[in-house]
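Participant: Sharing a structure below in structure tokens format, with a few things to ask.
The values are calculated or read from the model by the stated rules, or taken from the named source; none is laboratory data. Every value quoted in this text rests on a predicted model; they were computed, and no experiment measured them. Neighbour counts run over all protein chains shown; Cβ positions are idealised from the backbone, glycine included. Heads up: the accessible areas ignore ligands, DNA and RNA and are worked out on the full protein's heavy atoms, side chains in. Shrake-Rupley method; radii C 1.70, N 1.55, O 1.52, S 1.80 Å.
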Amino acid sequence: MPKGRIKYLPIPAFFIDGLLFFVSFFTANYIVFDGVFPEIILYRSIFLFGLLLWLAITFRLKMYDIPRIIYTDKVVSKSLHGLTLFTLIGATFLYLIIEYKFSRDFFIITILLFGAMHAIFQILLMYVFKRYRKRGHNIRKVIVLGFDSKIEKLIKSVLMVPENGYELHSIFSDNEVPESLQTFYKGKESELIPYLDKSKEVNALFISLPPEKSAIINKYISYADNHLIRVYILPNFSEYLFQHFRMTYINKVATLYLRAEPLESLTSRMTKRACDFIFSLLVLIGIGVWLYPLLAIIIKLNSKGPVLFSQMRSGKDDKPFKCYKFRSMTVNTESDSLQATKNDSRVTSIGRILRKTSLDELPQFYNVLIGNMSVVGPRPHMLVHTESYRKSVQKFMVRHFVKPGITGWAQVTGFRGETKTVQDMKNRAQADIWYIENWNLILDVKILFLTIWQVVFKKDSNAF
């Protein structure tokens with residue numbers, strides 16, 4: 001019987017990764033040491049340690065479990081997650097334990113080479129696997145019991161997409177089945193078990209029946225369990241719960257967790273924090289040391305007042321923090337209550353340039369460095385606005401489940417700048433909540449590139 005995941009895939013996949021690590025390790029040797037390790041026993045030991053560490057990370061993150069529906073961005077994100085852990089643990093081990101005996105150049109080159117080759121291997125593996133399923137391999141034959149809008153959507157978006165590895169075998173329902181699916185219709189719900197007694201090809205049963213038929217559902221589940229058929233039930237409450245949710249257990253009591261939050265995972269938070277710290281440090285060292293003093297001089301020459309503007313903003317879990325910006329307005333008494341508008345008389349001439357190019361936000365990389373902001377996340381609002389919108393915008397406070405960011409999904413999807421109406425803020429909040437529920441490293445990288453593209457080339461009309 002075909003499995004949802006190919007059972008032994010992790011074994012050859014790990015060996016291929018091991019080969020890629022071997023190639024990376026010894027290529028770095030030729031680049032750094034001209035092919036001759038300075039301490040061969042030490043470097044061989046480190047190579048074995050690296051293999052064992054990668055093996056542990058691979059199986060801990062289930063990096064080679066291939067799901068039925070393959071999302072390339074999620075696969076790449078999981079790979080980046082694994083590589084980040086591999087780098088952090090490896091660097092900690094090498095530089096705290098071995099110290100000066102190990103070449104930093106060698107370590108960096110090995111990681112870069114291995115990361116690039118591993119990412120290419122993962123993408124190729126997913127491509128090959130999708131092609132493999134399209135050709136009729138690793139197929140799970142499915143029977144559908146019951147018919148409604150939920151099951152129709154599932155059939156069209158999942159079960160009839162060849163690369164997902166499903167094959168719709170038949171439909172049994174007391175409800176009307178549309179003409180386009182009539183070829184799969186085999187009878188009423190009561191005819192399912194006699195049909196299954198004759199057919200030995202079915203691997204999965206999808207059930208979408210109302211709660212009043214719970215006794216019948218249990219009968220079908222019992223039959224399927226005794227005939228090695230996996231059962232999937234489409235919950236009836238999805239008719240009135242339109243957000244993502246997942247089932248969890250609290251002391252053996254089934255509960256619905258009404259929001260997927262990838263950043264609830266400690267390893268995800270550590271990975272994002274490590275990336276934030278490194279990126280903000282690079283910006284502050286690479287750009288800040290020369291650009292910050294230059295902008296400070298220009299701001300001081302342009303208008304009276306301090307170079308930096310600080311303001312209390314709403315942070316993670318609604319905890320206030322001091323947010324820094326380059327001052328782009330004249331000193332005024334309304335800065336803590338009135339947001340900037342188009343042609344705002346408070347904005348200075350140099351301030352318009354700073355705001356248009358987002359250069360006024362650069363000091364917030366210091367906020368990122370010290371940990372009260374992230375590079376990517378929902379934009380922080382003034383405290384008075386948070387208090388106002390939490391009353392008028394449904395789910396507005398959900399965006400405070402994560403650290404605020406310098407840029408975010410809302411900003412790159414058209415919801416940057418002034419919020420003239422409550423609907424504008426609703427749109428922004430919805431975009432921020434989508435980001436929280438769908439976070440991964442690839443999404444952060446995408447948002448960063450879109451931000452740079454919009455600042456440099458698009459010239460957002462909402463930036464003023």
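Participant: Using amide H atoms built 1.01 Å from N in the peptide plane, name the residues 5+ places from residue 166, or on other chains, whose amide H lies under 5 Å from its own.
Facilitator: Amide H neighbours of residue 166: 140.
Participant: While we're looking at this one, here's another question. So, R0 is 30 Å and r is the distance between the beta-carbons of residue 253 and residue 150; what FRET efficiency does that work out to, to 0.05? Mind dumping the intermediate values first?
Facilitator: Details: r = 25 Å, r/R0 = 0.84.
For R0 = 30 Å, the calculated efficiency reads 0.75.
Participant: For the stretch 77-133, report the convex hull volume of the alpha-carbon atoms normalised per residue, in Å³, without decimals. Kindly include the intermediate steps, with their values, before the conclusion.
Facilitator: Numbers: hull volume 3.9 nm³, N = 57.
Convex hull volume per residue, Cα atoms: 69 Å³.
Participant: Rounded to two decimals, what is the ratio between the C-alpha radius of gyration of the chain and 2.2 N^0.38 Å? Working shown, then result.
Facilitator: Values: Rg = 27.7 Å, N = 464, 2.2 N^0.38 = 22.7 Å.
Rg over 2.2 N^0.38 Å, computed on Cα atoms: 1.22.
Participant: Next question, about the same structure. Quick check: pseudo-label points 7 Å beyond the Cα along Cα→Cβ at residue 390 and residue 231, how many nm apart are they?
Facilitator: Between residue 390 and residue 231, the label points sit 4.4 nm apart.
Participant: Still on this structure, I have one more. Label 7 Å along Cα→Cβ of residue 160; the stretch 128-149 residues with amide nitrogen under 16 Å?
Facilitator: The answer is 142-145, 147-149.
Participant: Quick check for you: with a 1.4 Å probe and neighbouring chains kept, what is the accessible area per residue of the chain, in Å²? Mind showing how you got there, number by number?
Facilitator: Details: 25160 Å² over 464 residues.
I get 54 Å² per residue for this part.
Participant: Next up: Scale the Cα Rg of the stretch 224-367 by the rule-of-thumb value 2.2 N^0.38 Å and send over the ratio, two decimals.
Facilitator: Numbers: Rg = 24.3 Å, N = 144, 2.2 N^0.38 = 14.5 Å.
Compactness ratio reported: 1.67.
Participant: Under a plain spin-label model, where a point goes 7 Å from the Cα along Cα-to-Cβ, how far apart in nm are residue 191 and residue 307?
Facilitator: Placing both labels 7 Å along Cα→Cβ, they lie 8.1 nm apart.
Participant: How large a share of the accessible area of the chain, in percent, is made up of carbon and sulfur atoms when the probe is 1.4 Å and the other protein chains stay in place?
Facilitator: Numbers: 15880 of 25160 Å².
It is 63 percent, rounded to a whole number.
Participant: Expressed in nm², what is the orientationally averaged projection area of the convex hull enclosing the Cα positions of the stretch 44-178? Don't jump to the answer; show the numbers that get you there.
Facilitator: On the way: hull surface 41.5 nm².
Its Cα hull, projected and averaged over all orientations, spans 10.4 nm².
Participant: Across 10 Å bins from the origin, how do the percents of Cα pairs in the stretch 386-449 run, short distances first?
Facilitator: 21, 57, 21, 2
Participant: So what's the gap between the Cα centers of the stretch 26-79 and the stretch 388-464, to the nearest angstrom?
Facilitator: Centre-to-centre distance over Cα atoms comes out at 35 Å.
Participant: I've got another one for you. Using alpha carbons only, how many degrees (0 to 90, rounded to 10) separate the axis of helix 40-60 from the longest principal axis of the chain?
Facilitator: Long axis of 40-60 versus the principal axis of the chain: about 60 degrees.
Participant: OK, next. What would the Debye equation give as log₁₀ I(q)/I(0) for the stretch 323-462 at q = 0.15, 0.17 Å⁻¹, counting only Cα atoms as equal point scatterers?
Facilitator: Rounded to two decimals, the profile gives -0.77, -1.02.
Participant: Hey, got a sec? Which trypsin sites (Lys or Arg not before Pro) in the stretch 146-205 land in a DSSP loop and have at most 13 other Cβ atoms within 10 Å?
Facilitator: Values: sites: 150, 153, 156, 186, 188, 198, 200; in loops: 188, 200.
The qualifying sites are 188, 200.
Participant: If you project the alpha carbons of the stretch 141-207 onto their three principal axes, what span does each projection cover, largest first, in Å?
Facilitator: 30, 25, 19
Participant: Between residue 287 and residue 104, what is 0.36 nm times their sequence separation minus the Cα-Cα distance? Round to one decimal in nm.
Facilitator: Numbers: separation 183, 0.36 × 183 = 65.88 nm, distance 2.38 nm.
63.5 nm is the gain from fully extending residue 287 to residue 104.
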